[in-house]
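Please read through the structure below; I'll follow up with questions.
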Amino acid sequence: MEISPAHSIKEAHTDSNPLSDVYQLVEKEFAAVNHLIPRKISSDVAMVEEIGQYIVESGGKRLRPMMVLLSSQALGYKGEQNVELAAIIEFLHTATLLHDDVVDRSGLRRGRVTANEKWGNAPSVLVGDFLYSRAFQLMVELASMDIMAVLSGATNTIAEGEVMQLANIGNMALSEADYREVIRCKTALLFEAATHTGALLAQEADAAQDAGNIEILRKFGLHFGLAYQLVDDWLDYAGTTKTMGKNVGDDLAEGKLTLPLIQALKVAPAADQALITHALQNKSQEHMSEILAIVEKSGALAYTHAAAVTETNLALACLAQLPDNPYRTALSTLATFSLSRLA
């Protein structure tokens, strides 16, 4: 698909408050989401509430619930159920974070100690289960079989993606295609589900809604999510602990092959490939500075950067097919903001 210059990203850009206009556009709805989330985390079990509150209040821009609000309203939705849907998406995301940190043995997320580091693995896993089940309780309240089908399918596939990633730890033969399938399942799918279900909500409220717009917003979420993960994987070898909110080189320490290493293993000299392989197989950061240099000089960082730009442009090309309104513009702003993290 050809992308017009107005909707194409060649280079990332920064802004002092790049999302201020986006939040202002849905200020009332976003405030309602932030009010609903702690109410729905309420539990008679003190530890459930304590850990739940800790993780949902640990920062983050809540891009996924924001995308629910913007996607539904981009298609003219005027009701209030998008607030509940946005909270569901945030609960699903938060549950995956709790489980991911246990699996990855992470000690830092968003600049704060992880729940598993603070309370232990077992409580973190169980509270993650609580958040999943609470999300499904809220889905029942929405009473939409189409939305429930999308979200239940997404939840299942996300779990499969995590298992796929775990199974590929230390797999030096992991291809770029297989890597992309992992990130589609474990990261991109929840962004896709956010925009897809937001659009479905608008369709259910207005039977005359163009069905093609539902598919356009689904694809936008998919490409946005792929770009988002590609940027994250780029940052793990080009960022800082401060900018990422987690430790640089965590992927290497966990034995994960992401696109920067997959590409470096393809094009770097044999000696450099051997060093990367040794580090991954031993889950060692002993030669982190040398590996960072290899990833840079091999062009693997530039390759990953270009891949993120391509996915962002595909996302923006999807939006260009929708009716022009402030909500479509805000979705475009989110996409360019995500890419700006490459700067």
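The values are calculated or read from the model by the stated rules, or taken from the named source; none is laboratory data. Keep in mind it's a predicted model, so treat the numbers as computed, not measured. Positions of Cβ are backbone-derived with ideal geometry, glycine not excepted, and every protein chain shown enters the neighbour counts.
Within region 41-53, track down each residue that is assigned to a helix (DSSP H, G or I), at pLDDT 85 or above and surrounded by fewer than 21 Cβ atoms within 10 Å (Cβ to Cβ). Let's see the steps before the verdict.
The initial filter retains those residues of region 41-53 that are assigned to a helix (DSSP H, G or I), namely 41, 46-53.
After this cut, where a residue has to be at pLDDT 85 or above as well, the list is 41, 46-51.
Passing the criteria: Ala46, Met47, Val48, Glu49, Glu50.
Conditions tested, residue by residue: (1) touching a strand residue (DSSP E or B) at 6+ places or on another chain (Cβ under 9 Å); (2) without any contact (Cβ under 8 Å) to a residue 12 or more places away in the chain; (3) farther than 16 Å from His196 by Cα.
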residue	(1), (2), (3)
Ala293	no, yes, yes
Leu301	no, no, yes
Ala307	no, no, yes
Ala317	no, no, yes
Asn325	no, no, yes
Arg328	no, no, no
Phe337	no, no, yes
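Being aliphatic (A, V, I, L, M), modelled with pLDDT of 95 or more and more than 22 Å from Glu176 (Cα to Cα), is that true of even one residue in region 293-315?
no
Would you point out which residue out of Glu290, Glu254, Glu215, Glu192 is of a type in the set (D, E, K, R), closer than 28 Å to Glu160 by Cα and in contact with a Leu (Cβ under 7 Å, 6 or more places away or on another chain)?
Only one candidate qualifies: Glu192.
Listed here are the residues, each with its yes/no results for (1) in contact (Cβ under 8 Å) with a residue 40 or more places away in the chain; (2) among the small types (Gly, Ala, Ser); (3) in a helix (DSSP H, G or I); (4) farther than 20 Å from Ala86 by Cα.
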position: Gly161; (1), (2), (3), (4): no, yes, yes, yes
position: Arg184; (1), (2), (3), (4): yes, no, yes, yes
position: Thr195; (1), (2), (3), (4): yes, no, yes, no
position: Gln229; (1), (2), (3), (4): yes, no, yes, yes
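Can you say whether Ile262 is more than 30 Å from Ala202 (Cα to Cα) and touching an Asp or Glu at 6+ places or on another chain (Cβ under 6 Å), as far as the supplied structure shows?
Working: more than 30 Å from Ala202 (Cα to Cα): yes; touching an Asp or Glu at 6+ places or on another chain (Cβ under 6 Å): yes.
It is true that Ile262 is more than 30 Å from Ala202 (Cα to Cα) and touching an Asp or Glu at 6+ places or on another chain (Cβ under 6 Å).
Here's a follow-up. Taking region 197-227 on its own, how many of its residues are assigned to a helix (DSSP H, G or I), touching a residue at least 12 places away in the same chain (Cβ under 8 Å) and charged (D, E, K, R)?
Total satisfying the criteria: 3.
Would you tally the residues in region 24-40 being among the hydrophobic types (A, V, I, L, M, F, W, C), assigned to a helix (DSSP H, G or I) and crowded, with 19+ Cβ neighbours inside 10 Å? Talk me through it step by step, then tell me what you get.
Taking region 24-40 first, the residues among the hydrophobic types (A, V, I, L, M, F, W, C) are 25-26, 30-33, 36-37.
Filter once more, keeping what is assigned to a helix (DSSP H, G or I): 25, 30-33, 36-37.
Among the residues that remain, those that are also crowded, with 19+ Cβ neighbours inside 10 Å are: 25, 30, 33, 37.
Residues that pass the stated criteria total 4.
Within region 235-268, which residues are part of a helix (DSSP H, G or I) and at pLDDT 95 or above?
Our first condition is that a residue be part of a helix (DSSP H, G or I); within region 235-268, this holds for 235-238, 241-244, 250-253, 259-267.
Matches in region 235-268: Leu259, Pro260, Leu261, Ile262, Gln263, Ala264, Leu265, Lys266, Val267.
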